[in-house]
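The values are calculated or read from the model by the stated rules, or taken from the named source; none is laboratory data. What you see is a predicted model, and the numbers here were worked out from it, not measured in a lab. Ideal geometry is used to build each Cβ from the backbone, glycine not excepted, and the neighbour counts take in all protein chains shown.
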Amino acid sequence: MSSVYSFSKLTSLLLLFFFGFLSLTKLELITFIYSNSIALVCMLLIGCCFLILVFPSNIKEKSLIASSLCFFITLVIFANFSPYCTNFQFFNEYMWLNNSFLQINLMFGLDGFSIYFFVLTSFIIPICIFLEFRNGDYFFQKGFLLSLLFIELSLFIAFSTLDLLVFFLSFESILIPMFLMVGIFGSNKRRIKASFFFFMYSFLFSLFSLLLILYIYYTAKTTNILLLNDYLFNSNQQIFAWGLMFITFSAKIPMFPFHIWLPEAHVEAPTIGSMILASLLLKLGGYGFLRFSLGLFPEGTFFFLPLIQILAILSVLYASFAAIYQTDLKKIVAYSSIAHMNVAILGLFSMNVPGIQGSIFTMVSHGIVSAALFLIIGILYDRYNTRSIVYFGGICQINPILSSFFFYFMVCNIAFPGTSAFVGEFLTFVGIFSSNIFVFFTTIIGSFLCVVYSIRTFSFVCFGTIPSNLYYKFEIPVDATREEFYSLFIFAIMALFLGVKPGLFLDFSYVATASLLSLYV
């Protein structure tokens, strides 16, 4: 405790010195953060990784402070973000490569699409660090926290970069820490196979995006998104480029039949790895479709629209039926994630304002709800050493707090009115109905099946009598710990707040959505 106290005291003194220096130089803190926001969060994470490597003490406290400061900066960004501006805000540009044959600058900015995922990343990662369970082996804890910080840094870059090549590099760099998180920090015997399965599946499909970048640079002589928005690709070029993007992003969402890696990776990953995988990494596919496929290649979008609608419908139905027949809790939530993400994709390609706004809201809501569900499953596995619903029953009698949270987030998962998922799915269904009635009625079947497997799972786990063969790790039944309760409570408040006051967040994406749809008029 003394070391933690001394480190916290030193950190407080450094922060006071920093703020005092800003005031002495007559530089306001908000102005400083506003003009250097994205670079500041990246430098914070890089500096924290350096401190952990050079001064290997109190690594969890250092990581939590750095990630929390990033969350504070993103709140300042969100508070100062103008929802009526059509240009990228918080723009930063730095020279990277500048020679006769290749000119690439590091360009970062946020608009009405990327601001949601930027804030979601800064919200999820500090909770994951706060919940870091590895208090035993020091080197495992060090590697685990460095992996978390590297994932956060890569996601910040991916959601804010304005260059295709930089997006690809950050997109691919996430595979390394996730490979380590599944293969080394996973708990089951199949974790090595699952980690290689995840890495090879994601990497091979990402090679198509590398081919795309080379093709775009050869054609347009740039990978700058701002310049590509004004470049006129012909129809054949758009169809070819859109097809390459589709292969990469459909495997990341994932869509049927590119979904095989996700349930396997979820089952073998540690609890925090599953939380990050479901709440953040799956959003890269949806963001890629939104930013690049829809924004750069409108003719390719119209050409592939029937294909992506068919595959998304198949994904929703297949994942929903598969979730009903699963007995592993992680696989149930994993298949549920596939269904919800493909509903969001259908809304994204409804080509109207409610559908696109509902799709973004659904992805943000899913990031919160799925992270909470995987956390609850991880807690139950820590208590009972099993994830099979066959061995559960009557948990509400000995774990009432966990059962209450489990019920609440299952209600959120079925999009009950008053929750964040309801707002996202309602707007998504409005957009789908306006676009294609057949797709709408088919997607409704997936929502009905979601109610079936959600109620079935909760009733198996929490109701009934306690099985005699249920093995409990502790002599005294332990409900949610203080850290677990606080984390689940924060997730619950956010899901409720987004469901009650969605207008505070929907306004941020309206102008960007209208600007995007102007390409399709």
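Considering only residues that are outside any helix (DSSP H, G or I) and modelled with pLDDT of 80 or more, which ones fall in segment 162-199?
Quick first cut of segment 162-199, residues outside any helix (DSSP H, G or I) only: 162-163, 174, 184-190.
L162, D163, I174 - these are the residues of segment 162-199 that are outside any helix (DSSP H, G or I) and modelled with pLDDT of 80 or more.
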Open item on the list: Which of the numbered conditions does F233 fail, given that it passes all the others? Conditions: (1) over 20 Å from the mean Cα position of the chain (by Cα); (2) part of a helix (DSSP H, G or I); (3) surrounded by 18 or more Cβ atoms within 10 Å (Cβ to Cβ).
Closed with: (2)
Task: Residue identified as of a type in the set (S, T, Y) and modelled with pLDDT under 85 among S202, S122, S154 - done: S202
- [ ] Quickly run through segment 416-429 and pick out the residues that are assigned to a helix (DSSP H, G or I) and surrounded by fewer than 19 Cβ atoms within 10 Å (Cβ to Cβ).
- [x] F426
Task: Count - residues of segment 45-84 that are modelled with pLDDT under 80 and closer than 27 Å to A512 by Cβ - done: 1
TODO: Could you pull out the residue among L226, L211 that is assigned to a helix (DSSP H, G or I), surrounded by fewer than 18 Cβ atoms within 10 Å (Cβ to Cβ) and either without any contact (Cβ under 8 Å) to a residue 40 or more places away in the chain or within 18 Å of the chain's Cα centre (by Cα) (or both)?
DONE: L211
Task: Only listed residue being surrounded by fewer than 19 Cβ atoms within 10 Å (Cβ to Cβ), part of a helix (DSSP H, G or I) and of a type outside the set (G, A, S), chosen from I444, I432, I376 - done: I444
Open item on the list: Any residue that is in a helix (DSSP H, G or I), modelled with pLDDT of 75 or more and more than 30 Å from L214 (Cβ to Cβ) - is there at least one of those in segment 85-104?
Closed with: no
Open item on the list: Residues that are in contact with a Ser or Thr (Cβ under 7 Å, 6 or more places away or on another chain) and either on the phi > 0 side of the Ramachandran plot or in a helix (DSSP H, G or I) (or both): does segment 270-278 have at least one?
Closed with: yes
- [ ] Considering every residue within segment 251-267, establish whether at least one is crowded, with 19+ Cβ neighbours inside 10 Å and over 24 Å from the mean Cα position of the chain (by Cα).
- [x] no
Task: Matching residues, segment 312-332, being of a type in the set (A, V, I, L, M, F, W, C) and surrounded by fewer than 19 Cβ atoms within 10 Å (Cβ to Cβ) - done: L314, L317, F321, I324
- [ ] From G285, G243, grab the single residue that is within 18 Å of the chain's Cα centre (by Cα) and surrounded by fewer than 24 Cβ atoms within 10 Å (Cβ to Cβ).
- [x] G285
Open item on the list: The conditions are (1) in a helix (DSSP H, G or I); (2) over 15 Å from T443 (Cβ atoms), and H340 fails exactly one of them. Which is it?
Closed with: (2)
Task: Counted residues, segment 382-408 - those being over 23 Å from the mean Cα position of the chain (by Cα), of a type outside the set (A, V, I, L, M), surrounded by fewer than 20 Cβ atoms within 10 Å (Cβ to Cβ) and at pLDDT 85 or above - done: 2
TODO: Output the residues belonging to segment 475-508 that are closer than 22 Å to D111 by Cα, part of a helix (DSSP H, G or I) and free of Cβ contacts under 8 Å to residues at least 12 places away in the same chain.
DONE: G503, L504
Open item on the list: Going by what's in this entry, would F205 be described as outside any helix (DSSP H, G or I), touching a Phe, Trp or Tyr at 6+ places or on another chain (Cβ under 9 Å) and in contact (Cβ under 8 Å) with a residue 24 or more places away in the chain?
Closed with: no
